[in-house]
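Novice: Attaching a single structure in structure tokens format; questions to follow.
Any read-out appearing in this document is the output of simple, stated calculations on the displayed coordinates, not a laboratory observation. Predicted model, so just to flag it, every value in this text is computed and none were measured. Note: ideal-geometry Cβ built from the backbone for every residue, glycine included; neighbour counts use all protein chains shown.
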2 protein chains.
Amino acid sequence: MAQKPSIPKGTRDFSPVEMVKRNYIFDTVKSVFQKYGYLPIETPAMENLSTLLGKYGEEGDKLLFKILNSGDYLKKADDGLLAEKASNKVMSQISEKGLRYDLTVPFARFVVQHQNEISFPFKRYQIQPVWRADRPQKGRYREFFQCDVDVVGSNSLLNEVELIQIVDEVYRLLNINVVLKLNNRKILSGIAEIIDASDKIVDITVAIDKLDKIGLDKVNEELASKGLSAEAIDTIQPIIMLSGTNREKVAKLREVLASSEIGLKGVDELEVVLNYLDVLKLDLEVELDLTLARGLNYYTGAIFEVKARDVAIGSITGGGRYDDLTGIFGLKDVSGVGISFGADRIYDVMNQLELFPKADGAKTRAMFVNFGGEDELYALQILNEVRKAGINAELFPDAVKMKKQMNYANKKEIPFVLLAGEEERKANTVTVKNMESGEQSQLTVDELIKVISI
Amino acid sequence: MAQKPSIPKGTRDFSPVEMVKRNYIFDTVKSVFQKYGYLPIETPAMENLSTLLGKYGEEGDKLLFKILNSGDYLKKADDGLLAEKASNKVMSQISEKGLRYDLTVPFARFVVQHQNEISFPFKRYQIQPVWRADRPQKGRYREFFQCDVDVVGSNSLLNEVELIQIVDEVYRLLNINVVLKLNNRKILSGIAEIIDASDKIVDITVAIDKLDKIGLDKVNEELASKGLSAEAIDTIQPIIMLSGTNREKVAKLREVLASSEIGLKGVDELEVVLNYLDVLKLDLEVELDLTLARGLNYYTGAIFEVKARDVAIGSITGGGRYDDLTGIFGLKDVSGVGISFGADRIYDVMNQLELFPKADGAKTRAMFVNFGGEDELYALQILNEVRKAGINAELFPDAVKMKKQMNYANKKEIPFVLLAGEEERKANTVTVKNMESGEQSQLTVDELIKVISI
């Protein structure tokens, strides 16, 4: 009769311990987003398939989770296609909705649908799960959270600067040592333009990225093998070997890209951002990195990527500017720029480096041992005072063996255990046991509140 | 080309204004849950259909959203059934997963699956969306949030008391005037027992509920029409006319139910809870109400329901004790008690009574008008100070016409607009405009921070 319960592969339950840590991350990013005037939106888990299909490439279409229509869903399906078992073609006849695949397309849909209620520039953040029917593997899930922060409807580079400020503040608060890599799509286009090889951008960035590992000769060999002419390779030598400070790199790029209008535009944009950052004196290290080539299909200006210095885990935050987010839904000329914080990876980094605070405002600070009868009622009244002081505290609900109650406190990592029997009741006190040090002391309620406050 | 974007019927987008209000509710309930030692868990949106099917009755099975299997999903479907278009039978061959329908079944599954990691009693809360393919109508959605708080693994009535304390504190913080109705399933069973009519519980409670409207004679007529004997109706006259204080009702019930063991057990439980509540001196009005008959299929002890006094909207919180939540998944004898806060209804009540705070910590407090150039850089530096003080503030990103910038501040309901030109820069000040009163004053940064703090 009884089933052995399990959950779908690639999905996760989050225990209280995990939730408290995850919420620490979410609460931190939210507080920073809000400090800069970004406000939350949420969109439904299900979107119409017409909204989702065709937005993530052919592979993405396959990875969408589709929802079976309700009721007699086969009624309208084509007999011939059913007989052929043409899964793909039948799909559109039996499913109209899918689970969201990311937060970007629903956001674009939201902006277009609510354009008359929105005051632009629209600064929003969105923290919600997304679903992908990917093959599950270590660190890759079928349900995972994205934390996106975007501003749409403004071309100002101040927005790029603001997002960099947000990155700086989030990681300072989380205590993660990071470097922000910065690039500009227009510079990459400029490089392609001066050597007349617009289809080779990815090959070029991939090859340059290997410079440290394989050396200049091998990089040039690789570029040649990808079809770049000797002349082209020669032209971009200064770019391959680009080094020095961000300012030195900018100066060199301005020289090399002198003949490319779009390239110079990219250099200008980059320089404006660097100028702002100088004024703002961020702690964050910002590094111009031409090999950064994420989202070439949609980014049109700045490209960002953030890496943790002390853990080898890839990018933990990334984003960029896109000039036509909402065009697909009929609203033209809305430029936006945004970044996405990778909650799962940030979690892993913080866990590995033990950066989560031991005392978290969400956890229980103190547990009263339940001795039943009068003692129980006394404990309830003390707890009223403790909770009024904003402290999370509980009374074990059953007057069972002391050992069982202490085990519970231990497993829940409650730092203080409270005991009150006849002696304490008469003296109007509580005995407090510090679970880490083992120390015990008999205190008044006011003293107790001071001791157990975070 | 461009699609007119929309979302599936019965689902909603939440705008920043709505989100800030919703989060105010969620943050309030969370803070109270945590104060009593409850911690969050989250479960996946998708559960295996084997977990969900058969748990909500036949109608519930139909209302589950099913996820189409990935890949060539028709391959394993039976040809004959496909040809017959037997939607129901084919379903189990092409779909293995569904969206969660409530938080109770996933919670039961969670407890059983993680029983070795959990320390009982397990106090958890869970705030997540659920999905039902119900016919959408006013106030009924296909995606909506549930806020559940439960403790499992303890029979102590202290848990019931704690949940009532939580209700008291949540609604005091939200400023909603409520009454908590309390009943006990065992009392209802006792009533049925003394008149030997266990199948008539619902009929009896429904009839009694009409007493105020239709009067005693009509109630008795209705009971007769439902098949109760004259003797049975006579026996329960004192119960139909039950009135007075909770204590008076308890005394009367104890008398009438004297011959029913289970009935007396229910009266005992009720009395213990009332005793605790007396000691705790809650503000909350608690009313013993025998017509409260929610969840008769699963509740086995206390039944709770909370109603707002000032808005006609039905129950805004409800719950009860269930003695065998996890049995269906193979873990016997785990008793639990829990309540669920109805976020959508609470939202409606607060909106209608205008109970949401005007100044919310999530909203933007101040916006700098952007005059470009030096003024912009000055504004950025002031903003650094303001944000360091924990205040949400922004700079309009483009140096466009004043009117456009003020419109933005207006629409976003930002209460203070900041202006700084050459004069302010030289004096190291900022001009602050109070958007409600229209007052303007030139302040130092320290003064500014004081003025715009909540």
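Novice: Might you report the magnitude of the Cβ-based charge dipole of chain A about its Cα centre, with Lys and Arg at +1 and Asp and Glu at -1, to the nearest 20 debye?
Specialist: Once rounded to the nearest 20, the dipole reads 1260 debye.
Novice: Need one number: % antiparallel among DSSP beta bridges in the range A:1-126, to the nearest 5.
Specialist: Bridges in the range A:1-126 are about 75 percent antiparallel.
Novice: Just from its helices, what would the mean residue ellipticity at 222 nm be for chain B, if runs of 4 or more DSSP H residues each count -39500 (n - 2.57) and the sum is divided by every residue, rounded to the nearest 500 deg cm²/dmol? Provide the component values of the computation, followed by the final result.
Specialist: On the way: 19 runs with 197 residues, N = 454.
-13000 deg cm²/dmol, from helical runs alone.
Novice: At what distance in angstrom do the alpha carbon centres of the range B:28-84 and the range B:222-239 lie from each other?
Specialist: Computed from Cα coordinates, the inter-centre distance equals 43 Å.
Novice: Still on this structure, I have one more. Tell me the distances, shortest first, between B:LYS55 and the same position across the other copies, using label points 7 Å along Cα→Cβ, in nm to one decimal.
Specialist: Label-point distances to the other copies, shortest first: 3.0 nm.
Novice: Hey, another quick one. I need B:GLU96, A:GLU117, B:GLU394 ordered by Cβ neighbour count within 10 Å, fewest first.
Specialist: Final ranking by Cβ density, sparse to dense: A:GLU117, B:GLU96, B:GLU394.
Novice: Separate question: Under a 5 Å amide H to amide H cut-off, with H placed in plane at 1.01 Å, what residues pair with B:ASN392 once short-range neighbours are removed?
Specialist: For B:ASN392, the qualifying residues are B:ARG365.
Novice: Now a separate question. What is the magnitude of the charge dipole of the range A:89-209 about its Cα centre, with +1 placed on the Cβ of each Lys and Arg, -1 on the Cβ of each Asp and Glu, and no other charges, expressed in debye to the nearest 20? Walk me through the numbers on the way to the answer.
Specialist: On the way: 16 positive and 16 negative charges, 120 e Å.
For this selection, approximately 580 debye.
Novice: What are the nm distances, shortest first, from B:GLN352 to its equivalents in the other copies, labels at 7 Å along Cα→Cβ?
Specialist: Computed spacing set for this position: 5.3 nm.
Novice: Relative contact order (percent) for the range B:225-296, with alpha-carbon contacts under 8 angstrom and 6 or more residues of separation?
Specialist: 24
Novice: Give me the net charge for the shell around A:TYR347: Cβ to Cβ below 9 angstrom, other residues only, Lys and Arg +1, Asp and Glu -1.
Specialist: 0
Novice: How far apart, in nm, are two points set 7 Å out from the Cα along the Cα-to-Cβ line at A:VAL400 and at B:ASP134?
Specialist: 3.7
Novice: Just going by the charge dipole of the protein assembly as shown, with Lys and Arg at +1 and Asp and Glu at -1 on Cβ, which of B:THR28, B:ALA312, A:LEU180 is farthest out on the positive end?
Specialist: So the residue we want is B:ALA312.
Novice: Is there a pair in B:LYS97/B:LYS363; B:LYS186/B:LYS307; A:LYS35/A:LYS249; A:LYS249/B:LYS401; A:LYS55/B:LYS30; B:LYS388/B:LYS412 whose C-alpha atoms are over 28 Å apart, and which pairs would that be?
Specialist: Distance filter (> 28 Å) returns B:LYS97/B:LYS363; A:LYS35/A:LYS249; A:LYS249/B:LYS401; A:LYS55/B:LYS30.
Novice: Compute the separation of the alpha-carbon centres of the range A:246-312 and the range A:352-406 and state it in Å as a whole number.
Specialist: Result: 52 Å between the Cα centres.
Novice: Taking R0 as 56 Å, what's the FRET efficiency between A:THR444 and A:ASP283 from their Cβ-Cβ distance, rounded to 0.05?
Specialist: Efficiency, from the Cβ-Cβ distance: 0.80.
Novice: What is the set of long-range amide H partners of A:LYS181 at a cut-off below 5 Å, with H atoms built 1.01 Å from backbone N?
Specialist: So A:LYS181 has HN proximity to A:GLU287, A:GLU305, A:VAL306, A:LYS307.
Novice: If you restrict to DSSP beta bridges whose two residues both lie in the range B:318-397, what percentage is antiparallel, to the nearest 5?
Specialist: Within the range B:318-397, antiparallel bridges account for around 60 percent of the total.
Novice: Run the reach check for B:LYS75 against aspartates and glutamates, Cα to Cα strictly under 17 Å, same-chain hits fewer than 8 apart removed. What comes back?
Specialist: A:ASP78, A:ASP79, A:GLU84, B:GLU84, B:GLU96
Novice: Still on this model: Looking at the range A:368-454, which trypsin sites (Lys or Arg not before Pro) are in a loop (DSSP not H, G, I, E or B) and have at most 12 other Cβ atoms within 10 Å?
Specialist: Passing sites in the range A:368-454 are A:LYS401.
Novice: Report, for B:ASP234, each distance to the same residue's label point in the other copies, shortest first and in nm; define the point 7 Å along Cα→Cβ.
Specialist: For B:ASP234, the inter-copy label distances come out at 11.8 nm.
Novice: When the dipole is taken about the Cα centre of the protein assembly as shown, and only Lys, Arg (+1) and Asp, Glu (-1) are charged at their Cβ, what size is it in debye, to the nearest 20?
Specialist: So the dipole magnitude of the protein assembly as shown works out to roughly 960 debye.
Novice: Residue farthest toward the positive end of the dipole of chain A, with Cβ of Lys/Arg at +1 and Asp/Glu at -1: which of A:PHE145, A:LEU53, A:ALA409?
Specialist: The residue sitting most towards the positive pole is A:ALA409.
Novice: How would you rank A:58-67, B:220-229, highest first, on the average number of other Cβ atoms within 10 Å across their residues?
Specialist: Highest mean packing first, the order is A:58-67, B:220-229.
Novice: Here's another thing I want to ask about it. Report the local net charge at A:GLY318: Lys and Arg +1, Asp and Glu -1, summed over other residues whose C-beta lies under 15 Å from its C-beta. Intermediate results must be reported in sequence, preceding the final value.
Specialist: Values: positive: A:LYS181, A:ARG185, A:ARG294, A:LYS307, A:ARG321, A:ARG345; negative: A:ASP102, A:ASP148, A:ASP150, A:GLU160, A:GLU287, A:ASP289, A:GLU305, A:ASP344.
Combined, the nearby Lys, Arg, Asp and Glu give -2.
Novice: Using a cut-off of 10 Å between beta-carbons, work out the net charge of the residues near B:GLN146 (Lys and Arg +1, Asp and Glu -1, B:GLN146 not included).
Specialist: Numbers: positive: B:ARG100; negative: B:ASP102, B:ASP148, B:ASP344.
Computed value for this residue: -2.
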